[in-house]
Amino acid sequence: MSCWRQSDFQTARIWAFTALIVLTAAPALSQTTVLEVIPLRYRTAQEVIPIIQPMLGRDGSVSGLQSQLIIRTTPSNLEEVRRILASIDTAPRQLVITVKQDADIDRSRSTAEVSGSVGGEHGRVTIPPSSRDPRGGNVVLRDGDDRLRAHVVESRGIESDRNTQSVRVLEGREAFVRIGQSVPVRERQVRRVVVGGQVVEQVVEGTQYRDVTTGFYVLPRMAGDRVTLDVRPQRETLSDQVRGGVNVQSVVTTVSARLGEWMEIGGIGQDASGQQTVILGRTTTAMRDNRRVLVKVDEVR
C-alpha cells in the first residue's frame, strides 16, 4: 500500500483548483462578444432593427442610424445576422396603390292629394290644393258646381360619384396623396357692441375659405406576393343640408391581400324615409345612400 505525503496532497489540490478555474472560464470565453458596424445598401436601420433584435442573445444589442447597423453579439451569432441581412437588405419593390371611393345616392318622392269643392243647399266644402307642382298626373271630376281633382306626382333621382386616386411608392415607405379645393363660404355673425352706453347688435358678413379635399395615406409591406397595408383614405364633400358644412368619410385600417386584388376596406349604407300628411293628401320621401372604399396594389415590373 502506497502512502501519500503532505506535499502530494497539496499538489493534487492545486491541480483540482486549476481545472475548476479552466472549466468555469471556458463558457465565458466562448461567449465573448464583438462589436460590428454593418452598412446597409437598400434598407434603413429602422426597418431592419425589428427583424434583427429577436435574433440576438441576452447580452446582444443592436442600434443604428439611417443606413448603418451597430451590433454587439457573439461571433457565431454575428454570422447568422449577416445571412439574414443578405436576404432582406435587397432593392425594395415598386408598387402602385389605387384607392376608389364610390358613392351612390338614390332619392324618391311620391305625392298624392285630392282637392276641390263639394256642396249643397246647406253649405259648401272647399279644399284647396296644397301642392302647386305642375308635374304629375291629374284627374278632374265635375258635376254641376261640384268639382274634385286628384293629383299624383312621383319623382326619382340617382346620383353617382366615382373618385379614383393612385400613387407610386416603394415597399416599406409611406406615401400620401391629396387633392381638393378651397371653397368660399359666406358667414354672418352678430356682434354686440356698446354705443353711447347702450348695447347694440351689429350684423357682420364675411367670407371664409374652407378646404374640401380627398386623398389617402398608405404604408405597404410585402411578403412574397401578399401585401399588408396600413391605409387611411378620406373624402370630403360640401353638405347640401347645412350651409358651409362638410361631409367627411374616413377609414383607418390594416388589411392584407394578394397583388392585383381589389379589397373593400369600408362601406356605409344608410336608408332614410319620411312622410307628410295633409287634408286628403300625403307626401312620402325616401333616400338610400351607399358608399364604398376599395384599394388595390400592383407591382411595377
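Key figures for this structure:
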{"quantity": "Cα shape, region 158-197, gyration tensor, a/c 1.5 rule", "calculated": "oblate"}
{"quantity": "Local net charge near Leu229, Cβ-Cβ under 11 Å (Lys/Arg +1, Asp/Glu -1)", "calculated": "+2"}
{"quantity": "Shape category assigned to region 246-301 from the gyration tensor of Cα positions, a/c cut at 1.5", "calculated": "prolate"}
{"quantity": "Chymotrypsin sites (Phe, Trp or Tyr not before Pro) lying in DSSP loop within region 196-296, provided at most 15 other Cβ fall within 10 Å", "calculated": "Trp262"}
{"quantity": "Per-selection Kirkwood Rh - region 220-276 (Cα, Å, 1 d.p.)", "calculated": "14.5"}
{"quantity": "Region 141-259 shape via C-alpha gyration tensor axes, a/c threshold 1.5", "calculated": "oblate"}
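Quick note: the coordinates plus some simple rules give every number you see, no bench work behind them. All of these numbers come straight from a predicted model, not from anything done at the bench. Reconstructed Cβ throughout: ideal geometry from the backbone, glycine too, with neighbour counts over all protein chains shown.
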